Amino acid sequence: MTACPDTVGRVSTTPPARDTAIGIGTDTTAGGAEHPDRLARWRRWTKPVLVANLVAQIGIIVTGGAVRLTGSGLGCSTWPQCEPGQFTAQFHPETTYHQFVEFGNRTLTGVLSVIAIAALVLVWTDRSRVLSYRVLGAVPLLGVAAQAVIGGVIVLLHLHPGWVSLHFVVSAALVAVSLLLLHRSGEGDGPPVPTVDVPTRTLAWVLGGLTAVVVVLGVITTGAGPHSGDSEVGYRLAVDPALMSKLHAWSVWAFVAVLVVYLVRVRSASETVRRAAWLLLAITLAQGAIGYVQYFTGLPALLVGLHMLGSALLVAGTTRVVLTTRTRGALEVPTTATVAPGA
Ligand code: HEM
């Protein structure tokens, strides 16, 4: 098999064992033929694009929060148009700033879509990587598409609390996948090898499960509280917000307890594992403090917005903790010769 001389390929230092073994990671193209990498000179943009994707996925949670906290949820009265007959927010005597806040959030969705498309192209076309990684590259774009539909349903159903909660939960899941994608882009495609013992790894997964519980109880608390996203829809879910806040806080304490046990167990693990765990503790303490302060000060909008940012960071932090409990080996070393994937 002859390599194309103008091709920049990659030599894998580790075989793409697991995915290949189960038949989904074969990166060879039809017939095992080698293809020149037409995007070779763009590959160095993969990491910056994936970082931008993660930042934007977190950012849209914050701008979505701004929509809700400024009561701009129905700033645009319809979807996909902002107002009947116009796609953008426009000045006219009755226009309020709400329309522009809501339209700004919709615009950021556009920016996010462009980044997600770039991520898809760069990741999917990288034939030197296993299929499971390349498929992951499609998730941000699919997620943004799903979020655009959910956002539209929210407007059409006048801020239905169930859909607003789903909107947040899907965004949180997208933050987790975006972090996973970024992490995978920087490591090899070998089979996952544990970096800690089984009980410690289990604890990391328990933290992941508890994060989901904390976030879901959080969105229910919000749904029962005063920040509905529209001043005329001040109350949403028919559950006691004070009780929900307590359940939410108790689930956080359970999370903290598991995290402390995890920190003790990883005290002699690698620096990467320990650093991820300590960072998660710092995020958790800051987020918990904001949670209590906002609870006891009548939910000021700024703190609620910070709490949303903290939630996204905590999801990313927990994902990183789980990911550091295993490794897939070093990233392939770029070379000027093409090597058949899986060779
Ligand atoms: C440390 C981990 C924590 C995480 C990951 C977290 C996450 C969340 C999330 C995702 C929401 C929903 C945001 C939304 O739908 O816009 C929320 C709301 C809320 N959280 Fe937390 N939270 C944490 C800690 C706490 C603590 C310790 C308290 C203390 C009581 C607290 C009190 C609240 C309250 C009162 C709301 C409702 C805010 C509103 O009505 O707008 N949180 N939290």
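The values are calculated or read from the model by the stated rules, or taken from the named source; none is laboratory data. Note that the coordinates shown come from a computational prediction; the quantities given were computed from them, not determined experimentally. Using ideal geometry, Cβ is built from the backbone for each residue, glycine included, and neighbour counts are taken over all protein chains shown.
Show the residue pairs meeting these rules: Cβ distance below 9 Å; 6+ apart or different chains; first residue within region 160-184 and outside any helix (DSSP H, G or I); second residue surrounded by fewer than 17 Cβ atoms within 10 Å (Cβ to Cβ).
His160/Val153
Would you mention how many residues in region 312-332 are outside any loop (DSSP other than H, G, I, E, B) and touching a helix residue (DSSP H, G or I) at 6+ places or on another chain (Cβ under 6 Å)? Quick ask: steps written out before the conclusion?
The first filter runs over region 312-332 and keeps only residues outside any loop (DSSP other than H, G, I, E, B), leaving 312-323, 326-327.
Then drop every residue that is not touching a helix residue (DSSP H, G or I) at 6+ places or on another chain (Cβ under 6 Å), which leaves 312-323.
The number of residues fulfilling the criteria is 12.
For every residue, the table says whether it meets (1) at pLDDT 95 or above; (2) not β-branched (Val, Ile, Thr).
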| residue | (1), (2) |
| --- | --- |
| Val206 | yes, no |
| Ser228 | no, yes |
| Val233 | no, no |
| Leu237 | no, yes |
| Lys246 | yes, yes |
| Ser251 | yes, yes |
| Ala254 | yes, yes |
| Leu259 | yes, yes |
| Arg265 | yes, yes |
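Can you tell me which residues in region 119-137 are more than 13 Å from Leu180 (Cα to Cα), of a type in the set (Lys, Arg) and surrounded by fewer than 22 Cβ atoms within 10 Å (Cβ to Cβ)?
Arg127
Condition (residue is surrounded by 14 or more Cβ atoms within 10 Å (Cβ to Cβ), without any contact (Cβ under 8 Å) to a residue 60 or more places away in the chain and among the charged types (D, E, K, R)) applied to region 95-118: is it met by at least one residue?
Looking through region 95-118, at least one residue is surrounded by 14 or more Cβ atoms within 10 Å (Cβ to Cβ), without any contact (Cβ under 8 Å) to a residue 60 or more places away in the chain and among the charged types (D, E, K, R).
Where the second residue is assigned to a loop (DSSP other than H, G, I, E, B) and more than 8 Å from the ligand (Cβ to nearest atom) and the first is more than 14 Å from Thr318 (Cβ to Cβ) and lies in region 280-298, which pairs have Cβ atoms under 7 Å and are six or more apart or on separate chains?
Cβ pairs passing all conditions: Gln294/Pro300.
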